Amino acid sequence: MRKLFAALVGLIVGGPVAVAPAQPSALRGTIAVDGSSTVFPITEAAAAAFGQEFPNVNVTVAVSGTGGGFKRFVRGETDISDASRPISADEFKLAKENGVQFIELPVALDGLSVVVHPANTWATELRIEDLRAIYLEDGAARKWSDINPAWPAETIKVFSPGTDSGTYDYFKEVVVPKGKSFRIDMSTSEDDNVLVTGVTGDKYAIGYFGASYYFENRAKLRAVPIVNPETGEAVLPEPDDVIDGSYSPLSRPLFIYVNLTSLRRPEVREFVEFYLGHDGEFAEQVEFVPIPEEIGRTAADFLKRRLSGTTYLTADGEKREGRLAELYSPEHLVDTK
Amino acid sequence: MTPAAHTVVLLDPARLARARRSVAARHKRERAFQWFCVVVASACVVMLGAIVVGILAAGIGSVTRTFLTAPPSPEPAEAGFYPAIMGSVWLLVLVAAVTLPLGVAAAIILEEYKPRRRLSRLAHGFIETNITNLAGVPSVVYGIVGLTAFVSMFGLFGNELNPALETGAGYYDQFYNEADQVILVPVAGPDAPETVPRAGMRALNAEKRPLAANIIGPDDPWPDDPAVAARTLRSTDFSGRISERTVFYLRLPLGRGLLAGALTLSLVILPIVIITSQEALRAVPNSLRDAALGLGATRRRVVFRVTLPAALPGIMTGAILAMSRAIGEAAPLLMIAGIVFITFPPGNLMDDFTAMPLQIYNWAQRPQQEFHELAAAGIVVLLGVLLVFNGAAIVIRQRFQGRGS
Amino acid sequence: MTGRDAFLGQPPQAILADPRRLRSHRRQRVVDRTVVGALGAAATLSVLVTAAILFVLGTETVRFFRQDEVSLGEFFGSARWSPLLGSEKHFGIWPLVCGTALVAGIALLVAVPLGLVTAIFLSEYAPPRVRATLKPALEVLAGIPTVVYGFLALVLVTPGLRLVFDGLGSYNAISAGIAVGVLIVPIISSVSEDAMRAVPQALRDGVYGVGGTRFDAAVKVVFPAALSGIVSAVLLAAARAIGETMIVALAAGSTPKVTLDPTEEVQTMTGFMVQMALGDVSNFGVEYFSMYAVAAMLFALTMGFTLLGAHVRRRFREAYE
């Protein structure tokens, strides 16, 4: 009866609570997951659904931020790391030193959304330069009127994820040029929920976080169309625009990184296969954009063949630029061993 | 002045009029102030009532059976409070087991064994002041101390991955074969070499009953008979090491587990238990003690057979109130455990845990209205538990009041 | 048989001569000493706890100041606290202290009038039946977990204040301050009331005798006489308000800044500690140690207020024979 109710609720809320539980398995074990608060809702949904079929496997999901999650992951403390940005060169080096091998698996796409209060009717679009002016330490914009004189002369209340957040790292990469830094009077939190509450409470606020948090709170927030520097068009982070790449440069893939040694454990193997097998459903359930089928197939292949390493760094430890579809293939893999 | 002149002064009409006006004014002020006091004091009661009623209204609808028995979930309709309730229960039992004996013992020696020599008196006074000061330390400071002292144990016992000591766990290599059956192979310890499937090895099924494992080569055909297939493994299969942690599982360092949380919480509660127990002991009239001493009992006998039983209701009341404080404390637990998505109640002392106030904090932070309703429901449960505790304390106080005077 | 029962029914000389009596006495003494030893150990445990607090805070704070980016001068001299953001890290403690002071200040502004008037009412005016209702009500108020107050600040006080302060942000100092204030009213009222009730009735009767009202007695005689207790109550409540964590973690915000505007978002010392702890705790960088330095500052401040409160109470207490 509870399962029927849950399924109905799931349908109403807008996403399938899909998996029909078969005979509960006797498989036991513990899986430690930590990392991004952006990816957390998907992993949480996966863990909850997994628990229906495998009630004896203990999946604990912590939220220390992408950076915090990686710090533990590269020391072998966690089995899976949620990440809203690819692994960095420093983290990769630490993994190498500690003998940790991993498989990089994209699970969803995110249009990192810049949001404002619904009463903010004047900011009809923003360019990357405007974001720079608002968010940089020496940026020119402290009031809305600094960007456009027609806008209200009110101080902008700035919200941002904290420094352990992958969303912060990703935004920093796009918006903050080398040698510059964020302003220090931003209101920060590793928990995106806190940011949502913040922006919904202040008419002159601005913040950014994963699209899923925006869609979940659509009634209380307004996403600002971002001007794509290549096409000059202002685009909203709607799923179709994220998939075809027109919501740029703030589209990004979301990953889970799985420890190769942990994958030998049956419970971890089952969970990751389960997660990847249904990641489209989970992504939709929490209002993220599912990864395109082709990339999903490549990911399944990586998992099956246990192809470890990252595609986002070169053999010299330099960052690789490019979109997920271009980079994510076996020939770009650089492993820690 | 002459007496006559005094009277003239006192009966002077102008003066009298002024005096009468001033008295009237003062009485008016008095009544105004009285009403002001009543208003303000009732404001406190009204505030309390508003809080309780408001939370009840917001939350009682969500206190369903599901809520009380299910684990938390991203879907508000399915989310439950169960692991948090169990975590709080475990914590409560542990904190009581640690603080009550220690606290009452410390109170006894501070109240009943007052020293006479100067040096001991100084020590006694020092300890008492120390305890009073400890009661005033913010609980979050205890949290941060607990982080170093209990979670990582000053780094003296290694870290969670390489603990210095680990007992109470059975280790198995768990195989999950192609027929989705679990096959367990017991191993000696966490560092034992990985099991390679080979014929004749000791194997158990998921219910820990022995079975004869059927080992086939990597390219051999899978057996058709389902009974055989259920215990078949390929020689190239991987296993995962699981530790079946019994209830008695212990590991040093404690890590961010239940025991570390309980010990940190005990630090917060201990001064309160000591102080309330001291007051309960102080309330026992001296006549009782003197009577016992007069009969020739030693001090120890007096304490344990006369004073302590007489003070017991007061001590119990104090203990109950201290425990109700423990249930509501969130700050130290926040530092120790953090915010984790946990679906299981704790199974042993080293397990990750959550507690009622932590889960409430988690839900309160979310912007969606549904989670606020869940937080309110959690608060209803928490306040309900506190109500039971406080009620018990009041009942004890009423029943045993007047005894032993 | 136990020592006592062995002697039942024996003639006195037999009892006195029985060697078992001496043994039982010796045993008793041993038991006495062990018990005293055990009890003493329990008491000394409290000293150990203080030692542990001082040790942990002390060593980690020293490690904090040993880091390159940190200097004592900046800690006490700078008004910028940004251990994570910005091109340079800044470790000036004042923004956090200012946030704490602002929230605690608002709390006291709310709690002192409410608490004192309630105390005066309870000690001077209230008939016994009203006392019997009001005192338990205040006790209950004091027993409500702080996370409940934090939740209320977030979902009740802030939206309510939006009617007055248009455009009030979700996180601000005043909501947290009001919630903390309600939290500490019972402390002020109960400690002050105790102090006022300790004033002998004779002093009040003196006032009534010359025609004074209860108001006169309360304000002109009782209040000044109980002043040391009242000041001590305020100091204890202030210490509690400074150390409050859950309410500010939920409602006050996470932007350290030096400001006196209560509608702004601030960060308190306790709020910062929670923010750090919820991030990644196993990283042993300078941010991690800064958490301990802030904790040490917090400990010093609350200890200072608590000790001052106790001292005022002792020193200035009016002694009545």
Can you find, within the range A:172-185, the residue that is nearest to the other protein chains (Cβ to nearest Cβ) among those that are closer than 25 Å to C:Asn172 by Cβ and surrounded by fewer than 24 Cβ atoms within 10 Å (Cβ to Cβ)? A:Ile184
Can you name every residue in the range C:73-92 that is more than 8 Å from every other protein chain (Cβ to nearest Cβ), outside any loop (DSSP other than H, G, I, E, B) and touching a strand residue (DSSP E or B) at 6+ places or on another chain (Cβ under 8 Å)? C:Glu74, C:Phe75, C:Trp81, C:Phe91
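For the range A:88-121, give me each residue that is crowded, with 17+ Cβ neighbours inside 10 Å and assigned to a helix (DSSP H, G or I).
Step one: filter the range A:88-121 for residues crowded, with 17+ Cβ neighbours inside 10 Å, giving A:88, A:91-92, A:94-95, A:100-117, A:120.
Matches in the range A:88-121: A:Glu91, A:Phe92, A:Leu94, A:Ala95.
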Quick check, is A:Thr60 on the phi < 0 side of the Ramachandran plot and crowded, with 23+ Cβ neighbours inside 10 Å? no
Quick check on the range C:259-271: of everything there that is away from chain A (no Cβ under 11 Å) and of a type outside the set (S, T, N, Q), which residue is surrounded by the most Cβ atoms within 10 Å (Cβ to Cβ)? C:Met269
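Considering each of B:Glu329, B:Glu244, B:Glu279 in turn, give the residue that is within 30 Å of B:Gly146 (Cβ to Cβ), modelled with pLDDT under 85 and of a type outside the set (Val, Ile, Thr). Please lay out each step first, then the result.
Working: B:Glu329 fails: modelled with pLDDT under 85; B:Glu279 fails: modelled with pLDDT under 85.
Result: B:Glu244 is the single residue among B:Glu329, B:Glu244, B:Glu279 that is within 30 Å of B:Gly146 (Cβ to Cβ), modelled with pLDDT under 85 and of a type outside the set (Val, Ile, Thr).
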Consider the range B:113-143. How many of its residues are facing another protein chain (nearest Cβ under 9 Å) and assigned to a loop (DSSP other than H, G, I, E, B)? 4
Restricting attention to the range A:235-294, report how many residues are in a helix (DSSP H, G or I), at pLDDT below 85 and within 12 Å of chain B (Cβ to nearest Cβ). 1
The range C:123-143, residues that are more than 7 Å from every other protein chain (Cβ to nearest Cβ) and surrounded by 20 or more Cβ atoms within 10 Å (Cβ to Cβ): C:Ser123, C:Glu124, C:Ala126
Filter pass, C:Val70 being in contact with a strand residue (DSSP E or B) (Cβ under 7 Å, 6 or more places away or on another chain) and not in a helix (DSSP H, G or I): yes
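Between A:Asp146, A:Asp138, which is under 26 Å from A:Glu233 (Cβ atoms) and surrounded by fewer than 18 Cβ atoms within 10 Å (Cβ to Cβ)?
Working: A:Asp138 fails: under 26 Å from A:Glu233 (Cβ atoms).
Step by step, each of A:Asp146, A:Asp138 is checked, and only A:Asp146 is under 26 Å from A:Glu233 (Cβ atoms) and surrounded by fewer than 18 Cβ atoms within 10 Å (Cβ to Cβ).
Confirm whether A:Ser212 is of a type in the set (Ser, Thr, Tyr), surrounded by fewer than 24 Cβ atoms within 10 Å (Cβ to Cβ) and either touching a strand residue (DSSP E or B) at 6+ places or on another chain (Cβ under 6 Å) or in a helix (DSSP H, G or I) (or both).
Numbers: of a type in the set (Ser, Thr, Tyr): yes; surrounded by fewer than 24 Cβ atoms within 10 Å (Cβ to Cβ): no; either touching a strand residue (DSSP E or B) at 6+ places or on another chain (Cβ under 6 Å) or in a helix (DSSP H, G or I) (or both): yes.
Judged against the criteria, A:Ser212 is not a match.
Taking the range A:295-326, which residues are assigned to a helix (DSSP H, G or I) and buried (at least 17 other Cβ atoms within 10 Å of the Cβ)?
Going residue by residue through the range A:295-326, those that are assigned to a helix (DSSP H, G or I) are A:295-304, A:324-326.
Correct list: A:Ile295, A:Gly296, A:Thr298, A:Ala299, A:Phe302, A:Leu303, A:Leu324.
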So which helices (runs of 4 or more DSSP H) stay within the range C:124-172 end to end and still have 3 or more residues that are modelled with pLDDT under 85? C:128-143
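For the range C:39-61, indicate whether the set of residues that are away from chain B (no Cβ under 14 Å) and in contact (Cβ under 8 Å) with a residue 12 or more places away in the chain is non-empty. Reasoning before the result, please.
Restricting attention to the range C:39-61, the residues satisfying the condition of being away from chain B (no Cβ under 14 Å) are none.
No: the range C:39-61 contains no residue that is away from chain B (no Cβ under 14 Å) and in contact (Cβ under 8 Å) with a residue 12 or more places away in the chain.
Given the criterion aliphatic (A, V, I, L, M) and crowded, with 20+ Cβ neighbours inside 10 Å, identify the matching residue among C:Val222, C:Val207. It would help to see each step written out before you state the result.
Details: C:Val207 fails: crowded, with 20+ Cβ neighbours inside 10 Å.
Just a single option satisfies the conditions, and that option is C:Val222.
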For B:Asn348, work out the one condition from (1) free of Cβ contacts under 8 Å to residues at least 24 places away in the same chain; (2) among the polar types (S, T, N, Q); (3) under 26 Å from B:Thr148 (Cβ atoms) it doesn't fulfil. (1)
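Determine if the range C:186-196 includes at least one residue that is touching a helix residue (DSSP H, G or I) at 6+ places or on another chain (Cβ under 6 Å), aliphatic (A, V, I, L, M), assigned by TED's automatic domain parsing to the domain that holds C:Ile120 and not in a helix (DSSP H, G or I). First the steps, then the outcome.
Step one: of the range C:186-196, the residues touching a helix residue (DSSP H, G or I) at 6+ places or on another chain (Cβ under 6 Å) are C:186-189, C:191-193, C:195-196.
Still in the running and aliphatic (A, V, I, L, M): C:187-188, C:191, C:195-196.
Right, trim to assigned by TED's automatic domain parsing to the domain that holds C:Ile120 and you get C:187-188, C:191, C:195-196.
Remaining after also requiring not in a helix (DSSP H, G or I): none.
No, every residue in the range C:186-196 fails to be touching a helix residue (DSSP H, G or I) at 6+ places or on another chain (Cβ under 6 Å), aliphatic (A, V, I, L, M), assigned by TED's automatic domain parsing to the domain that holds C:Ile120 and not in a helix (DSSP H, G or I).
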For strands (runs of 3 or more DSSP E) lying entirely in the range B:192-305, having 2 or more residues that are of a type in the set (A, V, I, L, M, F, W, C) picks out B:203-205, B:214-216, B:240-252
Filter the range B:135-175 down to residues that are surrounded by fewer than 23 Cβ atoms within 10 Å (Cβ to Cβ), small (Gly, Ala, Ser) and more than 30 Å from B:Ala203 (Cα to Cα), then give me how many there are. 6
State whether the residues of the range C:86-96 include one that is surrounded by 17 or more Cβ atoms within 10 Å (Cβ to Cβ), in contact with a helix residue (DSSP H, G or I) (Cβ under 7 Å, 6 or more places away or on another chain) and modelled with pLDDT of 90 or more. yes
Name the residues in the range B:327-353 that are within 8 Å of chain C (Cβ to nearest Cβ), among the β-branched types (Val, Ile, Thr) and either touching a Lys or Arg at 6+ places or on another chain (Cβ under 9 Å) or farther than 15 Å from B:Ser266 by Cα (or both), would you? B:Ile339
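Could you pull out the residue among B:Leu16, B:Leu91 that is away from every other protein chain (no Cβ under 12 Å), in contact with a Phe, Trp or Tyr (Cβ under 8 Å, 6 or more places away or on another chain), surrounded by 11 or more Cβ atoms within 10 Å (Cβ to Cβ) and part of a helix (DSSP H, G or I)? Talk me through it step by step, then tell me what you get.
Details: B:Leu16 fails: in contact with a Phe, Trp or Tyr (Cβ under 8 Å, 6 or more places away or on another chain).
After ruling out the rest, the residue left standing is B:Leu91.
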Output the residue which, of all residues in the range C:239-257 that are at pLDDT below 90 and either over 20 Å from B:Tyr361 (Cα atoms) or more than 10 Å from every other protein chain (Cβ to nearest Cβ) (or both), is surrounded by the fewest Cβ atoms within 10 Å (Cβ to Cβ). C:Lys257
Pick from the range A:12-59 the residues that are more than 24 Å from the chain's Cα centre (by Cα) and modelled with pLDDT under 85: which of them is farthest from the other protein chains (Cβ to nearest Cβ)? A:Ala20
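The values are calculated or read from the model by the stated rules, or taken from the named source; none is laboratory data. In this text, all values refer to a predicted model and were calculated from it rather than measured experimentally. Positions of Cβ are generated from backbone atoms using ideal geometry, with glycine treated the same way; all protein chains shown enter the neighbour counts.
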